[in-house]
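Okay, structure first, notes after.
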Amino acid sequence: MTNKDPMYELLSSLEQIVFKDDSQRMTLTQKPTAFTEFEQLRKGSGLKIDDFARAMGVSVAMVHEWESRREKPSPAELKLMRLIQADPRLSRQLME
């Protein structure tokens, strides 16, 4: 039996609620990687880097690491990014 990350499971459940309609899901022209998906999600969020970092619960330096492709976001972080992009109000709630 494998243990699943509780944060990943929570974000998966939220993702299913937010993306009830499959037409809202992100479509990529190439096979997605953590880097290509991050780039699209970050740009699509419309948030400044410092606001984006605060909503994600990471440092601005970590966002720069992701953008420079030195570090890649975890699956849970990617799920949170998808949720923020789908509902920008969520980012305001996360920053409070």
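Each value in this text was obtained by applying a stated rule to the coordinates, not by laboratory testing. Note that the structure is a prediction, hence the values are computed from the model and not measured. Here the Cβ positions follow ideal geometry from the backbone for every residue, glycine too, while neighbour counts run over all protein chains shown.
Any idea how far apart Thr33 and Val18 come out in nm if each label point goes 7 Å out from Cα toward Cβ?
Once both label points are built, they end up 2.4 nm from each other.
Once R0 is set to 22 Å, what does the formula 1/(1 + (r/R0)^6) return for the Cβ-Cβ distance between Asp50 and Arg92, expressed as a FRET efficiency to the nearest 0.05?
0.95
If each residue of separation counts as 0.36 nm, what is the full-extension length gain between Glu9 and Ser68 once their alpha-carbon separation is subtracted?
So the chain would gain 18.4 nm between Glu9 and Ser68.
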